[in-house]
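Undergrad: One structure coming up, written as structure tokens, with questions to follow.
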Amino acid sequence: MKEAGAIEPTCPLPLNEHPRIRLAHGGGGRLMQQLIEEVFIAAFDNPVLRGGHDGAVLELLHGRSVMTTDSYVVRPLFFPGGDIGALAVNGTVNDLAMCGAKPLFLTASFILEEGLETETLWRVVRSMRVAADAAGVSIVTGDTKVVERGHGDGIYINTAGVGRIEHEVLVAPERITTGDAILVSGDIGRHGLAVLGEREGLAFVTSIESDCAPLWDAVHAMLSGGTDIHCMRDATRGGLCAVLNELAKGSSLQFDVVERDIPVSEGVRGACEVLGLDALQVACEGRFVAIVAKKDEERALDILKTRNETASVIGRVTDGEGGLVTIQTPIGGQRILDMPTGELLPRIC
């Protein structure tokens, strides 16, 4: 077996015979078996997957386990800083990390459109393998379906993830309390704009790449460092704005944040001004909000800054109006930060 992180230049499935996905690749016969063996198993190879069962029998240690699931329909499939494969892996392991769980195993199910180039599928699954290796997880089982041409968008991916909680800290909205510090792990808004720019052929003055990345390393560092984390949430659809509103509502407390303390790169800020977008509502795929005890905010910030120097304390939890989020403007005023409405940027994850 080749080195896990190596991207092979060509797909092992014979392209001269099957350069594109056919309906028969989802029909349960020889072509489907060939696709499974020569693409998916070749990319995700591990002893559990190689067993060939209808499910994965996993050895889990005693303790609390976490399970999550998600689906990915991003368009285009490839964008600056990532692709649908890396997004599927990182998005799922990050949901586990936000529960305080170490990601262990993933499933991956593919809905492929007839006519998809097999080489494109190979690029996606190899990218998933690289992302899984970086996140320390194994893809242990999955499924494949093929739909008629015109009834899909190349590739849709559904994943499920299993993780294990290895600490005594409860990470949940009910632990949020008055005085807690609100931190963000890095600059926001890059993923949504990277996808939008690639899809619409926009040429930004400053190159913008997705922040798509796994988050467990930063979370683990805070937990192992003794940080009293009360809650975490990754800022995906709806961006930072949606996360703050969700957690304020879930805790029945008021969140007060300071706009000048929220890290936004100059490239993202400029692109949002030109496009009429609010960076606080633009999706991330490698950033999270951490609500920590006031006594631990400096420790948490120091840990986060070792991984991203733009990490910042952006506000505080107060006992004002439950579910309300306010933001202090750069000129010293204060306004309500409402939950986003409608679809700001479609098909970004």
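Each reported figure results from applying straightforward, stated rules to the coordinates on display, with no laboratory input. In this text the structure is predicted, and so the values were computed from the model without any measurement. Virtual Cβ from ideal backbone geometry, glycine too; neighbours counted across all protein chains shown.
Undergrad: As a test of the formula, what do you get for the chain when each DSSP H run with n ≥ 4 contributes -39,500 (n - 2.57) and the sum is divided by the residue count, at 222 nm and rounded to the nearest 500 deg cm²/dmol?
TA: -8000 deg cm²/dmol
Undergrad: Given 4 °C and 1.567 mPa s, compute D for segment 89-172 with the Stokes-Einstein relation, Rh being the Kirkwood radius over Cα pairs; round to the nearest whole µm²/s.
TA: 93
Undergrad: Something else now. So if I take the alpha carbon set of segment 173-336, get Rg, then get Rh from the Kirkwood formula, what is the Rg over Rh ratio? List each step's numbers first, then the result.
TA: Details: Rg = 15.5 Å, Rh = 16.0 Å.
Rounded to two decimals, Rg/Rh equals 0.97.
Undergrad: Here is a further query. Would you mind classifying segment 211-270 by shape? Square roots of the alpha carbon gyration tensor eigenvalues, ordered a ≥ b ≥ c; an a/c under 1.5 is rounded, otherwise it is prolate if a/b is larger than b/c and oblate if not.
TA: Values: a/c = 1.77, a/b = 1.13, b/c = 1.56.
Oblate.
Undergrad: Quick check on the exposure proxy: order V257, V169, V93 from fewest to most C-beta atoms within 10 angstrom.
TA: Least to most surrounded, the residues fall as V169, V257, V93.
Undergrad: So between K305 and D261, what do we pick up on full extension, going 0.36 nm a residue minus the alpha carbon distance?
TA: 14.4 nm
Undergrad: Roughly speaking, what % of Cα-Cα pairs in segment 23-165 are separated by over 22 Å, rounded to a whole number?
TA: Here the long-distance tail beyond 22 Å is 36 percent of all Cα pairs in segment 23-165.
Undergrad: Let me ask another. Quick one: if the Förster radius is 22 Å, what FRET efficiency do Q328 and E200 give, using the C-beta to C-beta distance and rounding to 0.05?
TA: Working: r = 33 Å, r/R0 = 1.51.
Using R0 = 22 Å, I get an efficiency of 0.10.
Undergrad: Let me ask you something else. Relative to the present Cα-Cα distance, how much length would full extension add between A221 and L60 at 0.36 nm per residue of separation?
TA: Working: separation 161, 0.36 × 161 = 57.96 nm, distance 2.22 nm.
Full extension from A221 to L60 adds 55.7 nm.
Undergrad: Then there's this: Would you tally the net charge around K305, using a Cβ to Cβ cut-off of less than 13 Å, leaving K305 out, and scoring K and R as +1, D and E as -1? Spell out each step's value before the answer.
TA: Values: positive: R299, R307; negative: D187, E297, E298, D302, E309.
So the environment of K305 carries a net charge of -3.
Undergrad: Could you give the length gained by full extension between R50 and D278, i.e. 0.36 nm per residue of separation minus their alpha carbon distance, to one decimal place?
TA: Answer, rounded to one decimal: 77.4 nm.
Undergrad: Still on this structure: What is the Cα centroid distance between segment 159-229 and segment 280-349, reported in whole angstrom?
TA: 11
Undergrad: Mind putting a number on the dipole of the chain about its Cα centre? Charges go on the C-beta only, +1 for Lys and Arg and -1 for Asp and Glu, and I need it in Debye to the nearest 20.
TA: That gives a dipole near 240 debye.
Undergrad: Mind giving me the FRET efficiency for A172 and R269? R0 is 41 Å, r the Cβ-Cβ distance, nearest 0.05 is fine. Please report the intermediate quantities before stating the final value.
TA: On the way: r = 33 Å, r/R0 = 0.81.
Efficiency, from the Cβ-Cβ distance: 0.80.
Undergrad: Provide the convex hull volume over Cα atoms per residue for the chain, in Å³.
TA: 144
Undergrad: In a shell of Cβ-Cβ distance under 12 Å around N46, excluding N46 itself, what net charge do Lys and Arg (+1) and Asp and Glu (-1) give?
TA: With Lys, Arg at +1 and Asp, Glu at -1, the neighbours total 0.
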